[in-house]
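Working notes, structure below.
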Amino acid sequence: MKNTALIHIHEKLGAKLVPFAGYYMPVQYEGVTAEHLAVRNSIGVFDVSHMGEFHLKGAKALNLIQKITSNDASKLFDGKVQYSCMPNNDGGIVDDLLVYRIKEDEYMLVVNASNMEKDWNWIAAHNDLGVKIINQSDEMSLLAIQGPNAAKAMQSLTDIDLESMEYYSFKIGTFAGFDNIIVSATGYTGSGGFEIYMPNAAAESIWNAVFKAGENYQIKPCGLASRDTLRLEMGFCLYGNDIDDTTSPIEAGLGWITKFTKDFVNAEYIKSHKEKGTQRKLVAFEMLERAIPRHEYPIVDSTGKNIGVVTSGTMSPSLNIGIGMGYVKTEFSKLDSEIYIQIRNKNVPAKVVKLPFYKG
């Protein structure tokens, strides 16, 4: 098991640490609900240094990205970020990722920790263009500073104008006294904020500076458990749950990041999904009775016949109702369709709703 550069801080703060994607990671500190609401109402900080960072450099870097990802990276400009996925040869997804354009011939791909080796091998196998690929994952730390007060609280640490940064943009500048820090207006919570990429050697100083700057905003350290409830309230997909090697971007509702204006791995097959439709679709649902849906619970129709499976579910701390996502047969995917979640042999009613669950 690996540790992030901040492991001793998490231990000192009394975090509950669990093995996750090859790292010991904090799952919670004070408690899931308190951490969740800190992000929704003010500011919370996640150590997500387990994420992978690959740098692609060279004249053909964009060509390689265009070949392996579903979104159109030619639309990127310096300082812009794009959400995308890498389709596999079987109609599924290798991983979902962020693509950062640093300059014309240099990009950073941010990939899921659990898929790092698989992603590296996949990208390398398709690199017949002479692109230089550098894996910086072990040298970099990443903090997600999330919440409506993130810009106000962090402004004293940087010369970058945080309030004016557009969603899915980034700047490279000084942060907490360190130069060449990537400050990105991205995140996985739906409450705004920033993700800060730094060398491991700067991580502890930056963590301490962030918490000092956020003192007047009731800043809290947050773990993976509240990260999961926050992302689920927004309907953001989690790799391994809602998308994986067997799920098509189209059936997962990711048609918006799948652009057929260019060629990419398995584009023709995925295009057929868009044109002919798929047999199942990922839907969002709310429980109509007090109950908590969980990963892999069966979804059934009114007669008890199996029509799908829950991929993510929780009791929403913001809404105080059970919410979830899951794949159902396409005929049950329309808004307001009544479906049932099988919880301990009881079929509990739910209805299909529009995302996000949390409207802010």
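Restricting to Cα atoms and excluding each atom paired with itself, what does the Kirkwood estimate give for the range 1-121 in Å?
Details: mean 1/r = 0.0609 Å⁻¹.
Computed over the range 1-121, the radius equals 16.4 Å.
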Hydrodynamic calc, the range 167-260: Kirkwood Rh from Cα pairs, then Stokes-Einstein at 4 °C with viscosity 1.567 mPa s, so D in µm² s⁻¹ is 82
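Give a quick list of GluC sites (Glu not before Pro) in the range 283-334 that DSSP marks as loop, anything other than H, G, I, E or B, with at most 11 other Cβ atoms within 10 Å. Each step should come with its number before you reach the end.
Values: sites: Glu286, Glu289, Glu296, Glu331; in loops: Glu289, Glu296.
Passing both the DSSP loop test and the Cβ count: Glu296.
Looking at the P(r) of the range 235-353, how many percent of alpha-carbon pairs lie beyond 25 Å?
25
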If you average the sequence gap of Cα pairs under 8 Å that are 6 or more apart and divide by the length of the chain, what percent do you get for the contact order?
18
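Give the whole-number value, in cubic angstrom per residue, of the convex hull volume spanned by the C-alpha atoms of the chain.
Values: hull volume 48.0 nm³, N = 360.
Once divided by residue count, the hull of the chain is 133 Å³.
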If you find the alpha carbon centre of the range 209-224 and of the range 1-47, how far apart are they in angstrom?
12
Mind jotting down the distance between the C-alpha centroids of the range 63-86 and the range 285-341, whole Å?
33
List the GluC sites (Glu not before Pro) within the range 112-198 that fall in a DSSP loop (any state other than H, G, I, E or B) and whose Cβ has at most 13 other Cβ atoms within 10 Å.
Glu139, Glu163, Glu166
Please compute the Cα-Cα pair-distance distribution of the range 53-135 with 5 Å bins starting at 0, giving whole percents from short to long.
3, 16, 30, 29, 16, 5, 0
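Values quoted throughout were computed directly from the atomic coordinates according to the rules given, and no laboratory measurement underlies them. Remember, predicted model here, so these are calculated numbers, not experimental data. All Cβ positions, glycine included, derive from the backbone under ideal geometry; neighbour counts span all protein chains shown.
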